[in-house]
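The values are calculated or read from the model by the stated rules, or taken from the named source; none is laboratory data. None of the values given here were measured: they were computed from a predicted structure. Glycine gets a Cβ as well: all are built from the backbone with ideal geometry, and neighbour counts include every protein chain shown.
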Amino acid sequence: MRGMVAPRDLGEGPQPDLWSAAAARTPKPAKAPRPHYLGHRDRLRDRAAATLDALPDYELLELHLFRAIPRGEVKPLAKALIARFGSLAAVLAASPAELKTVTGVGEAVARDLKLLHQTALRVGREAVGRRTVITSWSQLLAYVKLALAHEPREQFRVLFLDKKNQLIADELMNRGTVDHAPVYPREVVRRALELSSSAVILVHNHPSGDPTPSAADIQMTREVVEAARPLRVTVHDHLVVGRDGVASFRALGLF
């Protein structure tokens, strides 16, 4: 028809690549920066491999948190845990419910921290049990402090020893309140006879933190000593554990 131009046959000759041209004009999105915590994790692992003993407590805790929290920043959580409970030892001794009061701590983190605490307790108990208690006294003090220094309620435990003063059993005899755990001297002696134990070490904690023996502690200890003597069960010592240290009745001359 006159006045009209026939459309060009797009099948003839080279055609422009319209998609490529458009792509060339569109700026490419910037590459996302590498999360800063990834570099921190790598650097911390490298430092741990070189000088593990030199790491501060919060960094040791960070390394352990990597297991339960494989992605994300954990340094603030490690510092928050130590700030909340006061020390690395107190973090490990805290109950799962207490740990979960810290933002960022879920079931997996609480479980991993309690596993670490239980592992440390078993290692300490094994070190005490391999030799006579008398020759591993410093290890015994470290063990009872790890086990009891941060307990929120009083516990009364007894270490039962054989004739060579080696550990037969470490047993919880009673759990009480924040300032009292009832003790029954006859139960202590009865259990010693059942285990064929010839000596015992009494242990309990003061949740207040001060290990100074109270008048009630002294009286109770004398009652256990009197109940055990006729049956030839020796009370070697009574240890009172607090966050501020461990008090020994024998060292204080209390019996």
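Restricting the search to strands (runs of 3 or more DSSP E) fully inside region 172-255 and requiring at least 1 residues that are more than 29 Å from residue 86 (Cβ to Cβ) gives 199-205, 234-242. All of 222, 229, 243 fail the test of being assigned by TED's automatic domain parsing to the domain that holds residue 175 and in contact with a Gly (Cβ under 7 Å, 6 or more places away or on another chain), apart from 243.
The residues in region 29-66 that are at pLDDT 80 or above and closer than 17 Å to residue 77 by Cβ can be counted, and the count is 13. Checking each residue in region 184-193 for being without any contact (Cβ under 8 Å) to a residue 24 or more places away in the chain and touching a strand residue (DSSP E or B) at 6+ places or on another chain (Cβ under 9 Å) picks out 184, 187. Checking each residue in region 139-177 for being hydroxyl-bearing (Ser, Thr, Tyr) and surrounded by fewer than 18 Cβ atoms within 10 Å (Cβ to Cβ) picks out only 177. Residues in region 126-138 that are buried (at least 18 other Cβ atoms within 10 Å of the Cβ) and either within 27 Å of residue 58 (Cβ to Cβ) or touching a residue at least 60 places away in the same chain (Cβ under 8 Å) (or both): 133 alone.
Within region 236-255, being out of contact with any strand residue (DSSP E or B) (no Cβ under 6 Å at 6 or more places or on another chain) and farther than 25 Å from residue 93 by Cα holds for 251, 252, 253, 254, 255.
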